[in-house]
1. Quick one: pull the percentage of alpha-carbon pairs in the chain with a separation above 35 Å.
2. Round to the nearest 0.05 the FRET efficiency obtained for Arg295 and Glu15 when R0 = 41 Å and r is the Cβ-Cβ distance.
3. Can you work out D for region 75-169 in µm² s⁻¹ from Stokes-Einstein, where Rh is the Kirkwood radius over C-alpha pairs, the temperature is 4 °C and the viscosity is 1.567 mPa s?
4. I'd like to check one number: the per residue accessible area of region 78-171, probe 1.4 Å, reported in Å² as a whole number.
5. Once Rh for region 247-397 is found with the Kirkwood sum over Cα pairs, what is the Stokes-Einstein diffusion coefficient at 4 °C and 1.567 mPa s, in µm²/s?
6. Would you calculate a helix-derived [θ] at 222 nm for the chain, using -39,500 (n - 2.57) for each DSSP H run of n ≥ 4 and dividing by the full residue count, to the nearest 500?
7. Determine the per residue accessible area of region 252-390 with all protein chains present and a 1.4 angstrom probe, expressed in square angstrom.
8. Percent of accessible area on the chain owned by carbon and sulfur, 1.4 Å probe?
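The values are calculated or read from the model by the stated rules, or taken from the named source; none is laboratory data. Keep in mind the model is a prediction, meaning the values are calculated, not measured. Reconstructed Cβ throughout: ideal geometry from the backbone, glycine too, with neighbour counts over all protein chains shown. Areas reflect the complete protein model, heavy atoms only, side chains present, ligands, DNA and RNA absent. Shrake-Rupley method; radii C 1.70, N 1.55, O 1.52, S 1.80 Å.
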Amino acid sequence: MTSSSDRSQAVDVQEPKTYEVRTYGCQMNVHDSERLSGLLEGAGYVRAPEGSDGDADVVVFNTCAVRENADNRLYGNLGRLAPMKTKRPGMQIAVGGCLAQKDRDTIVKKAPWVDVVFGTHNIGKLPVLLERARVQEEAQVEIAESLEAFPSTLPTRRESAYAAWVSISVGCNNTCTFCIVPALRGKEKDRRTGDILAEIEALVGEGVSEITLLGQNVNAYGSDIGDREAFSKLLRACGQIEGLERVRFTSPHPRDFTDDVIAAMAETPNVMPQLHMPLQSGSDPVLKAMRRSYRQDRYLGIIEKVRAAIPHAAITTDIIVGFPGETEEDFEQTMHVAREARFSAAFTFQYSKRPGTPAAIMENQVPKEVVQARYERLVALQEQISWDENKKQVGRTLELMVAEGEGRKDGATHRLSGRAPDNRLVHFTKPDQEVRPGDVVTVEVTYAAPHHLLAEGAVLDVRRTRAGDAWEKRNAAEAPKPAGVMLGLPKIGAPESLPVATGSGCGCD
């Protein structure tokens, strides 16, 4: 006879399957990856430990297609996983995002060991497709041509306990000649205002105190529902949500940046004095060739109005150097706008061809060495402007939301880091009392560098918050906490430094 203890020992206790999500590209992809993680965890998977580097049961690539070498990067990474998959029976690889939407069947032809290919419109199908691939023992390729569900309506595994992305629209109605995103994400589709506000209220109920409204062309919100002032109304409605301390949005388009939006920013206390507004070029002829529907005067006019209404606003931008046909005079116009606008930071990119875009086949492609030289001149100018603008912050008293993982040297310097209302990164002296990510501290700025500020004196005040409570609760439940979605995610917030890149921006704005 078999004893009950013998029977219990004979039971095969199966370990849960692990997953890893690797993300490339823009904030929309970051948000999508949070949903992919949530979907997988809802299906019973658990996150792979930090440093797994492909040693997971399911590896998901959430891809970007906006740079010329995007496919090379993907296939290189897939190639490195092929031998690992051979050694691990049951391991699955999935490819989603913009490159999957663009290349479709090509991915499986080039990398037949891939199990699932899904597009930007049907990320909610990932668990089903993985199971179908396992049962049928063949690759599943499913690319929806239109949106099945807004990313924010899907289960989530958010990367932050105190800050969250909220999608208000997907797609884009612009036809910029350097950008392939509209062809992959489709025409703009707006989410119902009530659904957006309900999600924000639910997030605040969970302890979130900062949200970033997200869209490919965020301030065009309302074009799909026929209300030109819908975005400014949404900002004002966010101001009525109790417990929501900070509201940000990215990325707006100058064409749609109207006076009612500026007024809403200035008059709604929890809308932060920060604006990321892509310039792309300061030259009118280049802007025309890009099919950007504004010109230099219009852009600088918006900057002037924002600064008049919100004097301490920090304005950041995207700039492309070396667009086809760009002359030295055109480039000097971009330098002129940088001097006039006084950006606190800039994402500055060297133009590279994006397959499938009109610009890729334009004549008068600018030689690489010319692009490089112009790029270096612009970076040098912007570095000095950023430093000069940061020096103006010295002596100011700022409220910082304490951040997690943004101060790489904090351990060695005995400091913590936080974001000011205008999104500047500030490293501050660690106080004697406990301070958690999501809490708010008051400090005085004592030193400025081009990409960060220091508050070297004693912290003036510490305010424990519900967001800090949420961070503490999450970490108590999840310790030790894994790393998040891997490979250079753009964080909520401005860049710490000017990125050295050879693409031409995320193309989402």
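1. Taking all Cα-Cα pairs of the chain, the fraction more than 35 Å apart is 36 percent.
2. 0.10
3. For these conditions, the coefficient is 89 µm²/s.
4. 41
5. In µm²/s, the coefficient is 79.
6. -10500 deg cm²/dmol
7. Value for region 252-390: 39 Å² per residue.
8. Its accessible area is 50 percent carbon and sulfur atoms.
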